[in-house]
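Here is the structure we will look at.
Please treat every number below as a calculation from the coordinates, not as lab data. Everything numeric here is computed off the predicted structure, so don't read it as measured data. Note that we place each Cβ from the backbone using ideal geometry, even for glycine, and neighbour counts take in every protein chain shown.
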Amino acid sequence: MKKTQYLKSAYTKLTQKSVDDLIEYLKIIGGKSLTTKCKRQNAFKTSWIDKETKLLTRCHVQNAAHYLDFIKASITKDQTRTVIADLTSYVEILDSNEDTSFIILSTNTQPSAVQFDSAKRLFYNHQIREQNQNNYSTDLLALYAIRLSLESRVRGLLGIDYATSNGKNIGLSTLIKISKGLELVEYSEKIDWTEIEWVNNWLNHYMHRHLRPYPWIIHQAIEVLKPFVDPKEPIIKSNRTIYSFYSATYVEDEDALEKEIEFNLLELYPKVKITWLHKREILKTKK
């Protein structure tokens, strides 16, 4: 039987049709559409057992199809080839009749010298080498920016500059746990703390191992954090429509909120020491 060539067609000749055909092909081999929750939970896994491989594979393929569909209007050859190279092993599991022989898999790591060069150029020139302006060179850098925005938002919401216990810093995972348990904060219904915790654990794993994750998972990480870090919808209170960077988090009594945060931290760390920020990143009104 002659092998199909959806991957090769889009890889060798980028056209709207080849991308559309690839997306449709991925949807077909990915099987029945899975829920967003399921696809995200499996995308952000950093370990799994053998019997989970089939579901994990379908989630990756469906997430990749979604990502390609999201960027297809402005998709580049680099983006297409990166996705196809990353997808190959999953496609082989789901469809042995698809031609993948043309792919030369790229390493998932990058020399530290290249990373250092990008850091220098970002700082001094506000750009990186043109030859490094591609997924393989920039995706890992994107993780640090995503992690920075998440930590900045959580600390800003809590109003905590830093907190220590017995001289050791209290990490972001604990601060997320404190945030999601607050009763005095009204959160946007679109915020999903479980998914935010998945993203944080996933970020830690890839950043500490210096691995470039699949671009479709980075896309999902951004989608998860959007409602919390970059909400677009206004909040309506007392017939007022309020637009704010912080409209995903709302409080009426900030002094009471600070006491709640301190109380919850003291329950976990009896010797906690908190240094508060001068201004909290939260939407508030006076009673």
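What to note about this one:
- Centroid-to-centroid, using Cα positions, segment 143-205 and segment 36-63 are 24 Å apart.
- Label-to-label distance, nm, for residues given as residue 189 and residue 28 (7 Å Cα→Cβ offset): 3.9
- Once backbone amide H atoms are built at 1.01 Å from N, residue 284 has 251 as its partners under 5 Å, excluding neighbours fewer than 5 places away on the same chain.
- Residues of type lysines that residue 27 reaches as a straight line, Cα spacing below 16 Å, ignoring anything fewer than 8 places off in the same chain: 17, 39, 54, 72
- Beta bridges from DSSP with both residues in the chain: antiparallel share about 80 percent, rounded to the nearest 5.
- Between segment 1-35 and segment 234-270, the alpha-carbon centres lie 46 Å apart.
- Degrees, to the nearest 10: 112-124 long Cα axis against longest axis of the chain: 60
- Between 0 and 90°, nearest 10: helix 193-209 axis offset from the chain longest Cα axis: 60
- C-alpha long axis of helix 215-229 to longest principal axis of the chain, angle in °: 20
- The residues neighbouring residue 29, those whose beta-carbon lies less than 9 Å from its own, together hold a net charge of 0 under the Lys/Arg +1, Asp/Glu -1 convention.
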